[in-house]
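Nothing in this text is a laboratory measurement; each read-out follows from the coordinates by a stated rule. The structure displayed is predicted, hence computed values, not measured ones. Every residue, glycine among them, receives a Cβ derived from its backbone with ideal geometry; neighbour counts consider all protein chains shown.
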Amino acid sequence: MNNEKIIWDFFKEAGLNDFGIAGLIGNLYAESGLNPKNLQQTYEKKLNMSDEEYTNAVDNGTYTNFVHDQAGYGLAQWTYWSLKDDLLDFCKEKNKSVGDLQTQLEFLEKQLSTKYSAVWKTLKNAKNVLEASNAVLLKFERPADQSISAQLKRASYGQSYYNKYASNKTTTTIKPIVNTITKEDGKMKYSEKNKPLVCMQTQNPC
């Protein structure tokens, strides 16, 4: 079973709805490619270690700066020292590798359901993929790029997982911001208008 199906099934069992799972997985894909051993690429070069080498060194204790090295790691690319400290302790308590997929999923569920309860609630009740994806992007991952284009890109990743795994699919079109032209005092004026980013396809066209 591949990682995406394992992650989907895990959060389905945890009580998220299909939109919520898809939005979450789309963000995890953007962060790590769904690789629980993923070390932030810039730190692979800085530390001269591959994903596997870094993970093994953390597990066997030869690398001791995991908590404070500021390198993004794992499914969610945990970076801040307290989060990495919690992750490491959680894995040690279960006697599992810091790069173990199941253990990271359990840690992520605990983190979201306790420390990010508003995000967790959205993922359980989301009405579309974009709503779920943006909850994760803007309130949990919070990367430097939170632009509309970044939101749409991550939502499109999530939509692909929704289309693949959702049990009761709803056809959804993710629509970009468009430029509209208005006429003012006889002159053409360009303005930016936010059209709905998600249009649920019903009997009427969007």
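Observations, loosely collected:
- Checking the Cα-Cα distances for 110/139; 45/121; 45/110; 5/96; 45/164; 92/115 against a 27 Å cut-off, the pairs over it are 45/121; 45/110; 45/164.
- The separation of the stretch 84-111 from the stretch 14-34, counted between C-alpha centres, amounts to 18 Å.
- Net charge contributed by nearby residues that have their C-beta within less than 13 Å of residue 96 (K/R +1, D/E -1): -2
- Sequence ranges 105-111, 80-86, 22-28, ranked by mean other-Cβ count within 10 angstrom, highest first: 22-28, 105-111, 80-86
- Ignoring aspartates and glutamates fewer than eight residues from residue 153 along the same chain, the ones with Cα atoms less than 20 angstrom from its Cα are 4, 18, 31, 131, 141, 145, 192.
- Under 13 Å, Cβ to Cβ, from residue 81 - net charge with Lys/Arg +1 and Asp/Glu -1: -3
- The mean sequence separation of alpha-carbon pairs under 8 Å and at least six residues apart, normalised by the residue count of the stretch 5-66, gives a relative contact order of 17 percent.
- Residue-count net charge about residue 117 - beta-carbon cut-off 11 Å; Lys, Arg +1, Asp, Glu -1: +4
- Computed over the stretch 5-156: relative contact order in percent, which uses C-alpha pairs under 8 Å that are six or more apart: 32 percent
- Relative to the Cα centre, the charge distribution of the stretch 85-170, modelled as +1 at Lys and Arg Cβ and -1 at Asp and Glu Cβ, gives a dipole magnitude of about 400 debye.
- Given in Å, the Rg to one decimal and the Dmax to the nearest whole number for the Cα atoms of the stretch 1-88 are 14.1, 41.
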